[in-house]
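Report on the following structure.
The values are calculated or read from the model by the stated rules, or taken from the named source; none is laboratory data. Treat the numbers as computed from the prediction; the structure is a model and nothing was measured. In this analysis, Cβ positions are derived from the backbone assuming ideal geometry, glycine residues included, and neighbour counts consider all displayed protein chains.
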Amino acid sequence: MRQSKLLTKTRKEGPKDEVSKNANLLIRAGFINKEMAGVYDYLPLGLRVMQKIENIIRDEMNKLGGLEMKTSIIQSKEVWEKSNRWSDELVDNWFKTKLKNGTEVGLSFTNEEAYANILKQYISSYKDLPVYPYDFKSIFRNEARSKSGMLRGREFYWKAMYSFSKDENEHDEFYEKSKIAYKNIFDRVGIGHLTYLTFASGGTFSKFSHEFQAVTPAGEDTIYFDEKKKIAVNREVYNDEVLKSLGLEKNKLVELKSIEVGNIFSLGTKFSEPFDLKYKNEKSEDKFVVMGSYGIGLGRLMGTVVEILSDEKGMIWPVSIAPFKVHLVELISENIKVKETAEKLYNELAKAGIEVLYDDRNARAGEKFNDSDLIGIPIRIVVSEKGLEKGEFEIKQRMDGKVLSLKENEIINFVEKYK
């Protein structure tokens, strides 16, 4: 990608009505565009990051035995009435509308009913279980407030997996595997070191659900964290009885602000019963399917990475989800050899399969360096007249700020090994 041809440009300041750090940086760097509070467009750089996050999640879900599909955003009133969650008194964040013929429909705010309704057609025997379908889709929630940028959206992109098991034992076995898969996801996107398994309310489904909370001052949640055991308790279930059941001691817990970046729930038969979702066991007895839910908001995860991995200059993307691995910066010079060398290196990097954003713009060095820091690509390679005189290229690593000089024949090897 040549930066001169990139659709977007950087900005010195974000929108005046945008108070969140994550959205301000993403808007200023040209990753997203704000339509309104809680609604954002993903521009070319932002979409590249989103797609990489999606592929990491997809990989971990497939390793669990997940089956990817795509469910409809438009939802039938009749389906949701079976669980009583069509009612505005029970669910106050529906976006609802009507078709031309007057039929009332809603836009997905979650997916339990949709999956139970679909799977009822395909599950009849114990031989059909277990099964783990999932999808990526846009979800709509009519939030009363949406002031945290990417962290709380009215429209957002998420992954939801639902497990369908024969019994609680089979469900529990998969549930434990899902915890590991989620930990892998957060490790791979670069925030695993600050993301903790957190006990939260199970609501009407079970005693506990489990959240994955990423520690940051920007968080809307409060957790109490045991540093030795590496587990936490959400404030909503923080009491002596819960701490005792988990073997935690109040005086050993640290209070922290955090962002929920994922959650998993045991649903039991809460949603299989309204849809009469049953199977026949080995004795030909009818049994209700046991369900579980496993969600991650991709935009929220992107925003959380920005909140945690950024500094006063801009964003600091880990290699795994950076829009590009290399930012090649050509410093404008009257010496034609600078342009020729930058073009040659750009082509060599691309030929080696390395993703590179080439800043070929006719702009001052200071502007280019400031933009590079703001965009936050992991490796910056500078091609300058001064460097060519020495036969060297300046390499700056965005994560730790380290600067080194390399010969041209050393660059590809360095970049390929950089993680």
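Please find, within region 323-352, the residue that is nearest to residue 46 (Cα to Cα) out of those that are out of contact with any helix residue (DSSP H, G or I) (no Cβ under 7 Å at 6 or more places or on another chain) and assigned to a loop (DSSP other than H, G, I, E, B).
Residue satisfying both the conditions and the ranking: 324.
So, in region 164-182, how many residues would count as being of a type outside the set (Asp, Glu) and either outside any helix (DSSP H, G or I) or in contact with a Cys (Cβ under 6 Å, 6 or more places away or on another chain) (or both)?
3
Please enumerate the residues belonging to region 275-289 that are aromatic (Phe, Trp, Tyr) and either within 14 Å of residue 118 (Cβ to Cβ) or not assigned by TED's automatic domain parsing to the domain that holds residue 117 (or both).
275
What tally of residues in region 81-138 results from selecting those that are within 27 Å of residue 289 (Cα to Cα) and of a type in the set (Asp, Glu)?
5
Keeping to region 108-118, report how many residues are within 17 Å of residue 265 (Cβ to Cβ) and either in contact with a His (Cβ under 6 Å, 6 or more places away or on another chain) or not in a loop (DSSP other than H, G, I, E, B) (or both).
Summing the residues that are within 17 Å of residue 265 (Cβ to Cβ) and either in contact with a His (Cβ under 6 Å, 6 or more places away or on another chain) or not in a loop (DSSP other than H, G, I, E, B) (or both) in region 108-118 gives 5.
Which fully enclosed strands (runs of 3 or more DSSP E) of region 9-92 have 2 or more residues being among the charged types (D, E, K, R)?
In region 9-92, the matching strands (runs of 3 or more DSSP E) lie at 32-36.
Just checking, how many residues over region 88-144 are at pLDDT 95 or above and of a type in the set (D, E, K, R)?
The total comes to 11.
Tell me yes or no: at least one residue of region 150-168 is aliphatic (A, V, I, L, M), assigned by TED's automatic domain parsing to the domain that holds residue 34 and at pLDDT below 95.
Among the residues of region 150-168, at least one is aliphatic (A, V, I, L, M), assigned by TED's automatic domain parsing to the domain that holds residue 34 and at pLDDT below 95, which makes the answer yes.
How many residues are among the β-branched types (Val, Ile, Thr), surrounded by 14 or more Cβ atoms within 10 Å (Cβ to Cβ) and more than 28 Å from the chain's Cα centre (by Cα) if we restrict to region 325-358?
4
Across region 145-183, what is the number of residues that are without any contact (Cβ under 8 Å) to a residue 40 or more places away in the chain and surrounded by 15 or more Cβ atoms within 10 Å (Cβ to Cβ)?
1
For residue 360, are the conditions met, namely being closer than 24 Å to residue 22 by Cα and either of a type in the set (Asp, Glu) or not assigned by TED's automatic domain parsing to the domain that holds residue 303 (or both)?
no
Does region 264-281 contain at least one residue that is over 22 Å from residue 134 (Cβ atoms), in a strand (DSSP E or B), modelled with pLDDT of 95 or more and charged (D, E, K, R)?
yes
Using the structure shown, decide if residue 313 is more than 30 Å from residue 153 (Cα to Cα), surrounded by fewer than 18 Cβ atoms within 10 Å (Cβ to Cβ) and modelled with pLDDT of 95 or more.
Taking the combined requirement at face value, the residue does not satisfy it.
Go through 258, 320 for me and flag whichever is within 30 Å of the chain's Cα centre (by Cα), in a loop (DSSP other than H, G, I, E, B), of a type in the set (Gly, Ala, Ser) and within 30 Å of residue 398 (Cβ to Cβ).
That would be 320, the only listed residue that is within 30 Å of the chain's Cα centre (by Cα), in a loop (DSSP other than H, G, I, E, B), of a type in the set (Gly, Ala, Ser) and within 30 Å of residue 398 (Cβ to Cβ).
Considering 26, 47, which residue is surrounded by fewer than 16 Cβ atoms within 10 Å (Cβ to Cβ), within 19 Å of residue 152 (Cα to Cα) and modelled with pLDDT of 95 or more?
None of the others qualify; the one that does is 47.
Any residue that is in the same structural domain as residue 108 (by TED's automatic domain parsing), at pLDDT 95 or above and loosely packed, with under 15 Cβ neighbours inside 10 Å - is there at least one of those in region 189-204?
Checked region 189-204: at least one residue is in the same structural domain as residue 108 (by TED's automatic domain parsing), at pLDDT 95 or above and loosely packed, with under 15 Cβ neighbours inside 10 Å.
So which residues in region 93-107 are in contact (Cβ under 8 Å) with a residue 24 or more places away in the chain and in a loop (DSSP other than H, G, I, E, B)?
93, 94, 103
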